[in-house]
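Report on the structure given below.
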Amino acid sequence: MSRTGLRQKAKLVLMTQPYSIATVLAQAPFCSLFNPLPAPRSIVTMTNNTHQSSNTHLEAVFKQKKILRSSVRKALKGMDPSSRSQEDNAVQNIILEAPWFRSSQRLCAYISCSSLREVDTSKVLSEILQNPAKDGHTQMGKKLYVPRVEDKNSYMRMLNITHMDDLISNSMNILEPAPVDGDGNEREDVMQATDPVDLLLLPGLAFDKSGRRLGRGGGYYDAFLKNYLELVKERNWKQPLLVALSYSVQIMDEGVIPVTPNDVPVDALVSPAGVIPITTAAQERSADSDPLQDFCIADLNATVIVNGFPCKPASAVTSDDFFFDGLSKEGSTANIFGSSVTRECSLVSRGGMNAPHWHPRSSESGVVIQGRVLVGFVTTGNVFYSKNLTVGQMFVIPIGLVHFQQNIGEEKALLFTAFNSQNPGSVVASVNLFGSTPSIPNDVLTKAFQVDANVVNGIKSKFGS
């Protein structure tokens, strides 16, 4: 038995009258099954050699999908218009602020159809088209490709547009790009582009938090995605991020959405509640390293601290918060190690050292400003790396490894240091082991260092324990 796909319900006849995106999305009385970015293929072509058990299984899957589609359509139809509008705005605002959207240079996006009750994309598309990439220079804007359905055999192309009036309405009142621009030139097909897209914004009927996506059964997107991902692999490009847009009622419990081998999972899901990163790629690209305000001055007097100090209120910030004069003041080296160590610099007296220690949350880099210094660290494999450094030479200590700096010159040594954490932490081995409060039991230390209790007590006495 063979299943080749859903029968076409209507023939698409392209109209030549251009429309604005806002006008058509608002006035279109209905949309056909061939929405601009249709769902993954839900019908799998089966060969004569396919086992009857496979046929039975797939038929069951198709039946489950049909029932679920009917249920979700009813839920969408029952949404209050004001709630729908609020969710449309929420989803689009989240997308516009997402790191993976802001960093994207080339993307494919569907053109929403109100009668299909798809999450609105008009705001996102308008934002992109207000500042499109020009002459291939994507740093000046984003390059946008949108869908155009070509025939009833699940053939859909993604064509580049730069203005809203590049879109026309076909006989089914679906917005799509004309195959040629106003000058009669063929529009660029993403399959023929010399550079890959970073992002695809996808519609659908239902989704879950494991990445499953239920489409409308046309198979157009599946066919396109299969061909495009094969092109990506062939050209050794980075995989694009697949992001689906969803209303709250479209998110199902895991396991509810049945799948076939042709169903393509998404990397992330955007709902009114926020972004749900699913794959590792989405989690990595969801990290927002950009500041969300002009500055954040740590409030060192805060009583509630969660993974770092909160920011001071802007009204409490003064000029002194942006300036530091500590490097102009020489620290005291009158201690057992003969050194003065801060996050900014280390001053080491002749014969002194910054004793063996490690930073659990940071790597360390530094440069010698004065004197001669022996810098060394030990790996977890017990390999010791070291070098004698003079003025102008730098060093890097990997995160979490025991290291030290020792003055081997005839004068004071000065080093400027930097860390890649706001709170690197510092664990000085000798102080922690022999000067802790309460003290570590002697039998632990005698066993660890293979010495007797008198030696341990002698060392502890030097650290006040």
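The values are calculated or read from the model by the stated rules, or taken from the named source; none is laboratory data. Keep in mind the model is a prediction, meaning the values are calculated, not measured. Because the Cβ atoms are built from the backbone with ideal geometry, glycine has one as well, and the counts that use them run over all protein chains shown. With ligands, DNA and RNA removed, areas are computed over all heavy atoms of the protein, side chains included. Shrake-Rupley method; radii C 1.70, N 1.55, O 1.52, S 1.80 Å.
Some points to look at:
- Screening K387 against (1) at pLDDT 95 or above; (2) open to solvent by 40 Å² or more (accessible area, probe 1.4 Å); (3) of a type outside the set (F, W, Y); (4) within 38 Å of the chain's Cα centre (by Cα) leaves a single unmet condition, (4).
- The residues in segment 354-383 that are more than 9 Å from H403 (Cβ to Cβ), open to solvent by less than 60 Å² (accessible area, probe 1.4 Å) and assigned to a strand (DSSP E or B) can be counted, and the count is 7.
- Scanning segment 185-234 for residues that are part of a helix (DSSP H, G or I) and of a type in the set (D, E, K, R) gives D222, K226, E230, K233, E234.
- Test: G331 is assigned to a loop (DSSP other than H, G, I, E, B) and either farther than 20 Å from P424 by Cβ or open to solvent by 90 Å² or more (accessible area, probe 1.4 Å) (or both): no
- Lone qualifier among S362, S426, S340, S430 - being farther than 26 Å from K462 by Cβ and out of contact with any helix residue (DSSP H, G or I) (no Cβ under 7 Å at 6 or more places or on another chain): S362
- Residues of segment 384-398 classified as in a strand (DSSP E or B) and in contact with a Lys or Arg (Cβ under 8 Å, 6 or more places away or on another chain), total: 3
- Residues of segment 229-262 satisfying the condition of being in contact with a helix residue (DSSP H, G or I) (Cβ under 8 Å, 6 or more places away or on another chain), among the β-branched types (V, I, T) and surrounded by 15 or more Cβ atoms within 10 Å (Cβ to Cβ): V243, V249, I257, V259, T260
- Qualifying residue in segment 222-232 (condition: of a type in the set (S, T, Y) and closer than 18 Å to L144 by Cα): yes
- Among the residues making up segment 313-324, those that are open to solvent by 90 Å² or more (accessible area, probe 1.4 Å) and part of a loop (DSSP other than H, G, I, E, B) are F323, F324.
- Some residue of segment 203-220 being surrounded by fewer than 21 Cβ atoms within 10 Å (Cβ to Cβ) and closer than 20 Å to K142 by Cβ: no
- Subset tally (residues that are in contact with a Phe, Trp or Tyr (Cβ under 9 Å, 6 or more places away or on another chain), open to solvent by 60 Å² or more (accessible area, probe 1.4 Å) and hydrophobic (A, V, I, L, M, F, W, C)) for segment 434-465: 1
- When the residues of segment 348-377 are filtered to those that are hydrophobic (A, V, I, L, M, F, W, C) and under 14 Å from T390 (Cα atoms), the one that is farthest from the chain's Cα centre (by Cα) is V348.
- Pairs with Cβ under 8 Å, 6+ apart, first in segment 431-453 and free of Cβ contacts under 8 Å to residues at least 60 places away in the same chain and part of a loop (DSSP other than H, G, I, E, B), second exposed (fewer than 11 other Cβ atoms within 10 Å of the Cβ) and not acidic (D, E): G435/G464
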